[in-house]
Every structure is written in C-alpha cells, then in structure tokens.
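The values are calculated or read from the model by the stated rules, or taken from the named source; none is laboratory data. Note that the coordinates shown come from a computational prediction; the quantities given were computed from them, not determined experimentally. With ideal geometry, Cβ positions are generated from the backbone for all residues, glycine too; neighbour counts draw on all protein chains shown. Just so you know, the surface numbers come from the protein's heavy atoms only, side chains and all, with ligands and any DNA or RNA stripped out. Shrake-Rupley method; radii C 1.70, N 1.55, O 1.52, S 1.80 Å.
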Amino acid sequence: MKFGVVVFPGSNCDHDAYYAVRRVIGEDARFVWHTERDLESYDVIILPGGFSYGDYLRAGAIARFSPILESVIAHAKKGKPVIGICNGFQVLCECGLLPGALIRNRSLKFSCKWVNLRYEATGSIFTERYYVNEIVSMPIAHGEGNYFADNETLAMLEDTGRIVWRYCAPDGTSEWSSSDAEIPAYNPNGSLNNIAGIRNEFGNVLGMMPHPERACESVTGGMDGLRIFESVING
Amino acid sequence: MNQRAFDETLHLSPDAVSDEMLARVGLARDEYDRAREMMGRDLTIVELGIFGAMWSEHCCYKSSRLHLKKLPTKGAQVLQGPGENAGIVDLGEGTAVAFKIESHNHPSAVEPFQGAATGIGGIIRDVFAMGARPIALMDPLRFGPITPLTAHEEAEIDDLDDEVKTRARTRYLVSGVVSGIAHYGNCIGVPTVGGEIMFDDSYSTNPIVNVLCLGTVNPDEIVRGIARGSGNPVLYVGAKTGRDGIQGATFASVNLAEDASIDRPAVQVGDPFYEKLLLEACLEIAKMDGLIGMQDMGAAGLTSSTCEMAARGGVGIEMDLDKVPQRADDLTAYEMMLSESQERMVLTVERGRESEFIEAFKKWDLDAVEVGVVIDDPVMRIKHKGVVVAEIPNNLITEDAPEYDRPTKVPEYISAIAELHPEDVVRAATRVLEERPFHADTFPSQPNQPCADLLLRLLAHPNISSKRIVFEQYDHMVRTGTIPPYDGDAAVVRIKGKKHALAISTDCPSKVCYLDPEVGAMWAVCEAARNLIAVGARPLAITNCLNFGNPEDPEVMWQFVKSIDGMSKALGALDTPVTGGNVSFYNETMRFAVNPTPVIGMVGVLPDAEKRVSQSFRASGNRIFIVGDTDYSLAGSTLACYVLQHEAGCGHPSRPDLEMLVLCRDFLLKTMADGMIESCHDIGDGGLAVTAAEMSFGTGFGCEMEVSGMME
Amino acid sequence: MKFKVEVFVSTRKDVLDPQGKAVEHALANLGFSGMTEVRVGKYLTFFIDAENRESAMAGVDDACEKLLTNPIIEDYEINLTEA
Amino acid sequence: MKFKVEVFVSTRKDVLDPQGKAVEHALANLGFSGMTEVRVGKYLTFFIDAENRESAMAGVDDACEKLLTNPIIEDYEINLTEA
C-alpha cells in the first residue's frame, strides 16, 4: 500500500506522518509537493498538520487553491482514502470535502497536550481497528481547532453517525449543552458537540484535529494512534 | 538628521559630526576619535554607522571580551568553539549538535510579541547557518512580579510607577512574549521543549528573554561562516531589506529608559512561514559542493555578516548595494547596511556555480542575488549608485575593535547582607502565616501546621508552580522526538535513526547571583549539570547568555567579573567547556541593574533514548536516598526571599562542592545505566520538601521521610 | 483606472466571536463604560487596476467569494474609492 | 446617544506585513491580476453610549490608544454613525 504525504510550503508535520508510516509501520510512503498533480500511483493521501502557506487569512485558506488539491478532491471522489490531520482537516473543510469550518480556539491561545477521545461511529476506513465507545488518548497541537457548523449540518452529522471522534473525560463522558454555556474542561477548544473528528458520507475521507502520527510509539507517550494507519492498510 | 538628504560620499570633518549624530549611531566621542585616527581620514555617514554598529557591546563585546577569555573552551567533545554562528559538540555515533543562546531583552520590552518572535527566528538561523537541522528550542525568561502586592510589599515599594505596581505591565509583557515565541516556533515546526520563568522586582520594566536553539548535523557536513578565494561571488538570500530595526545592534547596547524616543523604527517583524522556506532551502544547498560559507544576517544585518565572514577568511568583500533586494524604494546605503530585516542569509560560493545555488533557492520561491565579490585586499568596500560610500579594513571592526578593562567596585549592598539566623526565619514565618495568602479562596490553608502551610505557599509561588499554562501554548511535540515527561528536570529529545538522545537544561539562580555573583554562577553551572544527570545524561558542554546591567557602573562590572570567575571554576571541574553564547548589558529597571543573570544552557548525551529516568515515584516500598551534600543555607531561596520576603537578603549562599558533584555524576550515571534507579529529581529551589512533593504529583503515591537527624 | 479597495470581513452573527468577547471584557476592566457588542473581524486594503468601477467591483467580489472570506463563518462588505 | 463604532486598524507603512504579502501572492496565483499592495489589518465594530459625538469619539480614541491597537506597529481610523 502506497501513502502520499502532501507537502505545502509551511507544513511541518509532514516528516512526522512519513516517519510513522515508513519507519514505525513499514509501509511505502512518499512526499508529494504541492505543485504536483498526479496522484494515480497512490492508495492513501495524507494532508498533514502544520501551517500551510503560513495559515494566513484562515488556516488552510490558501492551501485550498494549490494545484495538488484538485487531484486530492478527484482522489476522494473516486472513493479512495484521504485523511486530513489538524491543518489537513482545516484544508478539507475549506475545499468542501468535509462540512463546517475550524475557527479560533475559545481560549484564543494555542493548545498542545494529550487529550482523551471517544470513538463514536463506525463507517470510516481509517478506524475499523477501534471498537465503538473505546476511549483513546492522542495529542492535539492547534490554535484554530474550534469546530463550527450551522445547526442543520450539526444535526445531519449526528443523525448519520458521521462524528468519528469526540473529546471526552478520562471515563468517557462527553456532554454538550450549548455554545453559550460553560464548555466542559475536557473540550480543549470550544468545538460544538465536543467534535474532534468527522468523516464524509462514504467513509473514505476523515478529518481530525488530534495527531495520530504523534501517538505511534510508547517512547514518545502512547500508541493509540497507530491503528488509524493499520486500519486503512489491512481493513 | 535625515539620512535621505545626506550626501553619503561626503567625508565628515570632526566638527561636522554632532553629539546627536554620535548618539544615534551609538559611538562615544573618544571612540569616534579613535576610529578616525585608525582610518587616517574623515569618515562618511555610512562608515560612522558601521563603526557604531560593529563597536557596540552587542557585536564586539568591548566590555566583556577581556574577561570572556578566562572561560574554558577546549575539550575533545568540542567540534566548534566560540566565534562562529553556533557552537558544536560531538554526541558520538556520527551525530553532532549545533547550539547557541541569544538574548532579545530590549526589543521585547518595547514590543513583546515581535521582540520574542524575532528572537526565535534569529537563533534558528544561527543553527541552520552551520548546516544543522534545528530540532528543539528553549526559552529562559524573567519578568517583574506577577502576583498581587502583599501587605509587606505595599509598605516597601514606592518609586515604581503604578502600572508596574499593579502588575498590569508584567502581565502584558508575559502574554506578549509567550504568544510571540509560540507563534514563531509553532509555525516553523521546531518544538519548544523547555526553559524557565522567574519573577523578581529587578526585571519589572526590563524582561529577560533568552532563546536557545539546538540542531543536529553530520560532523563532516558542518558549514562555517567564512569567505575565501578572491573573485568568488557573495550571494544575498531571503527576504527583502526594509527599514526595520535600524540601530537594532546599537539599540541593544543603548540604555532603555533615556532613549525610548528613538525606538520608533527599531521593531523588527518576523515571518516564520518565510523562514521555514529559507530553512529547507539552506539545508538543501548546505550539501551542494561549491558552497564556501554561510552566515545569518543577525544584529547589524549586512554589515556584521559580510565583514565577519571576510575576517574569518583573511580576505575582503566588495559589495554593490544597488543589487540588494529592497522592500522600500528609496533606502539609503546607511539604512541598507544597518537594516535588521529578518529572514536573510549571506552565502559565498565558488565562481561559476552561483546559478546552481540561485536555481535551488528559486524552487523554494526565494530571492537569491549576487550582491558582491570576495577580494584579496582585507577590507569591506561598499558601493552605492556607482560610488564608494564606505571602505573599512576588516581588522578595525573585528579583532582591533575596542577592548575595555572597566573599573570594578564591590557594591554597598554586599556588606549589608546579614547572616540569616533560624529565629529570623521563625519571626518572618509567623508574620507571613497571619497574612491571607494571595489566592485565599482556593488555598487549603493549614492553620495548625505551619510547615505544611509554608510548603503550600512555596508550591503556589510562580517561581516554583507548574509552568503548564505556558508550555502548553508551545507545540513541544512536533517532530515526534520529545521524550516525556515534558516538565522534568531536563528536556530530552531523541536522535531519530540512532539509539541515543540529547538532553538540555537552562538554569540560573539569579537571586543567589545577586547575593554572591561568583557562587551564584557556580550554582548555575551545577544546577544545569544536576538537571542533566537526574534524567541519566552525561553533561558535555554549554552555551551561555550573560544578562547584566550597565558595564560603565563599576558595581555591575564587579558582578560580571565575579560571575565569570565562578563559571570558569565550575566548568573546569565538570569538564563542560563553553562553545559560544551572548552577552547582554544595559538591562536595568529605573536605573537599578537587573539581578546578575548568567543563564547557562547545558547539553548532555543520554546513551539510550528508551532509558530516560523520570522524577515520579513508581512503586510503594521504594527507598528514598539523598545523594551528595545538602546545603542548608536559605540564601537566595524562594522561601526566604519571596514567601517570607526577608529584607536582609537572606544571608550568604554557600559555595557548591564541585568534587562531590563529580562523584555524584559518576555514581548516578553508572547506577542508572545498570537500571538500579527508579526515579531521580534534582533538589532545587524550594528544597527537599518541594522536591518530594513534585516526585509524588500525578502518581497516586505519597512518601515518608525522617529528617530530624539530617542537620548533625 | 486604479481603485483603492477596502474589504470589511466580520464573523457571521450565529458564529461565536471569542476575540470580540475578550476585548469587550478587557474594555470593561479598563473602565471604558458603555461599549457593547464588540466584534473583531479583518480589514483588507489593496489597489486594483480595472477598466471601470463595475469590473473592479466584480473582480474584488470574486476574490472575496473564492479566497478572502469563508461564507460559512464570515460576511463581507466592499468599498471602492478612485486612487 | 448611541453610536455604532467602526475602527480600522492597519500595520504601519514601514512595518513588514507578512500576511498581506502571502495573500497578494495567493491572489496572483489564482489569476486575480492587478491587485497590489495587499495589507491585512483588524476591523472592530461595537456600540457606545455617550452624551454627544465628541465625547463618544474621545472615548473610542482613548480605548484605541490604550487597548485596541498597538501604536508601535499599528495606525487606526475611527468611524462613528448614530445608531
């Protein structure tokens, strides 16, 4: 299986994603420069974290128009796997492959720490190795990870079971009343409904703010992210 | 004095050089006379500006150079000592580490966000200029007090203005500096893995913002900042030149309080996204043959970078400013030579290969332009609009720059420091225990257990309490190399593809340095070493940032010279030589010098990245040992100086036992390698009680210790 | 013809504006009474060459729709003045 | 009286504006020709109660100097309209 790690000028987690796939798991991975267009030979596309194009204007706003994005959209339309991690998730929303938008953290501050996530809904080819309601931990590192969508979109995501990851307490509780109320302590950025990751209708596109590539080895803090890559490799 | 209307080729007679002009470039009248005498003729305005920048404390270390020579710089592990963009130490297994620390105190006092951000940008460039891939950053910081005034302080402080008294200014500086470091570090993708934050009155209007960067390089791929071979082209690479930071270099050596008016243009703005491109491009061309030398444009931009490269190679450089990419259209030669626009580098390459390098930079969407050529004649010759506006022999602005042996005098306060007797402590403690702690509502006060109450106040003091709210704003995990815990004694970063890891710690007990600069500097070195040993790493070498007051004040100069003496003794005993660093003078709050702050950044090697020792208790029933001598003096401690606020300065700090520390190092590293040690923590500020508390945090374990026999 | 363009981008009413709330809070703390409903958006300025005002406006509008704003969370207004 | 306040904050001319530079570059790449000197600043809106226009303007000006802008690197303009 061949992974394509897209590199925008300003991406900085591209090496981490490449290292996880190539060194830790041992699958084939290549860097794909943002001006390239040909993704034919790739099975899985990773849009890594970082500050594509400096994240000026809005996170992912400028990356959305890089030449490679058209090929990524075509790749996704063919039902082939695409995962957007952190800045990658922001790019997927900006280009419409996933609904909603990621706005500034409620605290107005960048936040980097390990958080607890509850695995909610099946149907994504990136999460088959997790069992429903499993509680895992992965690190986040973002300043604009506050997921927003209008009420109709939120209702649709909830009803069609497309919310894959939710921020939760260590024991798995994940409550949400409304955006005006006090947001729970385990929600690091104010995301509506504690949303941390969503998938598209067919399940081949996943966007998530937490970094699975940073949770692949016990020496660097935990391995709960490994199964994101193993799921898509062995199904 | 408007440079634009100035004829930059005019040789100014001495009486045409006004005091205001000299103040603007930062030259004293006698220094100007000396420069004119060495040149043997009148100077142009551009030459005046160049001498002002190159003869500033920041560039030529005129008040410190004489004393810095006493520091040990030799060692088998040292591949590059002081004098280059960064120092380099050999980690073994074919890996070397380039590292350096710099200060951005004055720009951060004026504009905290950009001041701190551009500090990060500059130190990262110093590392990749050596051909090294930056892998970690550290930020030792110091600010004025941040907690509300206690009753005791209310009575003491009178001359500070109210903005400082109400701590509003400090909160503004802290949030600006921290978000500036977060912005630049996060965007460029280099993790900020550690540092320190301390709060003390002496930093109220003059924060200390030191930034350290480390990078890895293959020992035989090290690049040096050198020019060679007449006829070879000099390439200007990176962002366009603007007016930012004019007089940046001299500004850093100018006393803040009086000269606030001329700071308007001195704020440099950083573009981390652009530097990420510059970083990747420079690391790519570092491996191309045909490259002779590379240097970051730091303080005094084009001036310092070109003449330092030429001086190292014993050659000269002729530059044509018409070719320099400009952001504003009417820049004068003076402004271009002194501009501190960010994200720019200078390269020298072999003639005939320049187009290969220019193409490589094009791929990364970067400007790369030939702006000059190497010449045999060891001078810096600057042309603008076809005319020579400056021609200065390199030696005049490098090795023959002024070197002062300034007078020293023992400060009065030293003789006023009284010994701290146990009854003083008890009296101060009873006073404090009656006061309501500053966050009384959340503070579980222990009315009938005075020691417990004092311990809780210590743990709550900003100098000791957790720095999580700060370092969680930094991406400290990017590059998946950081080995947790993230707030241990030292930061540990693995070397991917290799078994070992590097450990790094920055330390300086500045209050102890105030009470006794020599002993304090020894403690700084010992603390950094103990922090590395506590995680299982062997200390190898240091970089250092010496933050002091005005060197023209003999009392400050005494503090500086004593600190150097203390550092030399400790570095020699531990065999951790100096590989480079920075001196920052003129750090003052309302005419009073900041506490002497010699920050030590020490690097060590951990043989096996998987075997990092952490500080947390691991199993009940484990026995607790204290290794090494215990120093019972409270001098300079957070308890005596901040919690008890004892006026007599809390006594004289005792001299660390260096031989004992060497024994502890060898004993602990051996037992750790044999897997006998479950956890280890350095007894630092706050003493044994705070250390034991920190070892139990987050583990669910407690500890029981019998201490009555310890004092015999 | 050359026009000076101003684009005022503000967050849509139903989208939370944490920055606006923080500024409102800080203003109150500093004793500025009576300042309410603070919202923080983006203010873009640039110059555009176009034959006439209509084509300039059309060009800027297109740029806003495509790049300068995100309709999901932002509204915008354009102001053209002859340079 | 109640006024609607608009504050336009932009980086000073001499100070580098990396964001403006990046947006200008992106606009060119997207084929929006002729858009130059792009600068990105802040657009603040809020309401203020004051006896008259003068005191409202004075209050907003003071707020800008103290909190809303950083005079070292930013310039600002104020626009008041009766609400």
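Can you give the log10 of the normalised intensity I(q)/I(0) at q = 0.16, 0.20 Å⁻¹, computed with Debye over equal Cα scatterers of segment B:107-223?
Taking Cα atoms of segment B:107-223 as identical point scatterers yields -0.74, -0.99.
Once you have the Kirkwood Rh of the protein assembly as shown from its Cα pairs, apply Stokes-Einstein at 20 °C and 1.002 mPa s and quote D in µm²/s.
Calculated translational D: 69 µm²/s.
Taking +1 at the Cβ of each Lys and Arg and -1 at the Cβ of each Asp and Glu, which of A:102, A:215, A:41 sits farthest along the dipole of segment A:2-234 towards its positive end, judged by Cα position relative to the Cα centre?
It is A:41, whose Cα lies furthest towards the positive end.
Just the number: Rg to Rh for segment D:2-82, Cα atoms, Kirkwood Rh, two decimals.
1.11
So what are the radius of gyration and Dmax for the Cα set of segment B:373-494, in Å?
According to the Cα coordinates of segment B:373-494, Rg and Dmax are 28.9, 83 Å.
Any idea what diffusion coefficient segment A:17-145 gets from Stokes-Einstein, in µm²/s, Kirkwood Rh on alpha carbon pairs, 10 °C, 1.306 mPa s?
Reported coefficient: 99 µm²/s.
Translational D (Stokes-Einstein, µm²/s) of segment B:538-659 at 25 °C and 0.890 mPa s when Rh comes from the Kirkwood sum over C-alpha pairs?
In µm²/s, the coefficient is 138.
For segment B:504-591, just the Cα set please: Rg and Dmax, both in angstrom.
For segment B:504-591, the Cα radius of gyration and maximum Cα-Cα distance read 13.4, 43 Å.
Compute the separation of the alpha-carbon centres of segment B:577-625 and segment B:466-503 and state it in Å as a whole number.
14
Work out the length of the dipole vector of the protein assembly as shown about its Cα centre, built from +1 on the beta-carbon of each Lys and Arg and -1 on the beta-carbon of each Asp and Glu, and round it to the nearest 20 debye.
Roughly 2640 debye, rounded to the nearest 20.
To the nearest 10 degrees, how steeply does helix B:422-434 sit against the main Cα axis of chain B, on a 0 to 90 scale?
Around 90 degrees separate the two axes.
GNM on chain A, C-alpha springs below 10 Å: top fluctuator among A:119, A:186, A:147?
Of A:119, A:186, A:147, the Gaussian network model singles out A:186 as fluctuating most.
Per DSSP helix of 4 or more residues, -39500 (n - 2.57); summed, then divided by the residues of the protein assembly as shown. What does that give at 222 nm, rounded to the nearest 500?
That comes out to -9000 deg cm²/dmol.
Quick check: the angle from helix C:18-29's long axis to the longest principal axis of chain C, C-alpha only, nearest 10 degrees?
The helix C:18-29 is inclined about 50 degrees to chain C.
Counting only the heavy atoms of the protein chains, how much of residue B:172 is accessible to a 1.4 Å probe, in Å² to the nearest 10?
90
With θ taken as phi - 60° and the coefficients 6.51, -1.76 and 1.60, list the Karplus ³J(HN,Hα) couplings across segment A:85-95 in order, rounded to whole Hz; mark glycine and proline as x.
Running phi through 6.51 cos²θ - 1.76 cosθ + 1.60 with θ = phi - 60° gives 9, 6, 4, x, 5, 4, 5, 4, 6, 4, 9 Hz.
If you count only protein heavy atoms and use a 1.4 Å probe, how large is the accessible surface of residue B:482, to the nearest 10 Å²?
Roll a 1.4 Å probe over it and residue B:482 shows about 10 Å².
More than 18 Å apart: what percent of Cα pairs in segment B:68-111 qualify?
Pairs farther apart than 18 Å: 44 percent.
Assuming R0 = 45 Å, what is the FRET efficiency of residue D:82 and residue B:280, from their Cβ-Cβ distance, to the nearest 0.05?
About 0.25, to the nearest 0.05.
Tell me, rounded to the nearest percent, the portion of alpha carbon pairs in segment A:110-235 spaced more than 27 Å apart.
Summing the P(r) of segment A:110-235 above 27 Å gives 12 percent of all pairs.
What does the accessible area of residue A:178 come to, in Å² to the nearest 10, when a probe of 1.4 Å is used?
50
Ordering D:2, D:42, B:100 by how much accessible area each has at a 1.4 Å probe, largest first, what is the list?
The ordering from most to least exposed comes out as D:2, D:42, B:100.
With everything on Cα atoms, drop me the angle between helix B:45-54 and the longest principal axis of chain B, reported from 0 to 90° to the nearest 10.
Value to nearest ten degrees: 30.
If you build the convex hull over the alpha carbons only and average its shadow over all orientations, what do you get for segment A:1-56? Give it in nm² to one decimal.
Projected area, direction-averaged: 3.6 nm².
Label position 7 Å from Cα toward Cβ: report the copy-to-copy distances for residue C:57 in nm, one decimal, ordered from shortest.
Label-point separations across copies, in nm and ascending: 2.9.
Given a Förster distance of 56 angstrom, what is the FRET efficiency for residue B:624 paired with residue D:14, based on the Cβ-Cβ distance and rounded to 0.05?
0.40
Can you sort B:133, B:29 by 1.4 Å-probe accessible area, starting with the largest?
B:29, B:133
Go ahead and run the numbers for FRET between residue A:107 and residue B:16, Cβ-Cβ distance against an R0 of 45 Å, rounding to 0.05.
E between residue A:107 and residue B:16, to the nearest 0.05, is 0.20.
Express in whole angstrom the spacing between the alpha-carbon centres of segment C:35-83 and segment A:21-53.
If we compute the Cα centre of each part, the gap is 35 Å.
Over every pair of different alpha-carbon atoms in segment B:626-704, take the mean of 1/r and invert it; report that Kirkwood radius in Å.
Taking every pair of different Cα atoms in segment B:626-704, averaging 1/r and inverting gives 14.7 Å.
Could you put C:21, B:287, A:109 in order of accessible surface area, largest first, with the 1.4 Å probe and the full protein assembly present?
My answer, sorted largest first, is B:287, C:21, A:109.
List the equivalent ellipsoid semi-axes of segment B:276-357 in whole Å, largest first, each obtained as the square root of 5λ for an eigenvalue λ of the Cα gyration tensor.
22, 16, 13
Just the Kirkwood number for segment B:309-420, please: inverse of mean 1/r across all distinct Cα pairs, in Å, one decimal.
For segment B:309-420, inverting the mean 1/r across all distinct Cα pairs yields 17.6 Å.
Projected area of chain A, taken from the Cα convex hull and averaged over every viewing direction, in nm²?
11.4
In vacuo Debye scattering of chain B, one point per C-alpha: log10 I(q)/I(0) at q = 0.07 Å⁻¹?
Computed log10 I(q)/I(0) values: -0.47.
When only C-alpha pairs under 8 Å and at least 6 residues apart count, what is the relative contact order of chain B, in percent?
About 17 percent, as a whole number.
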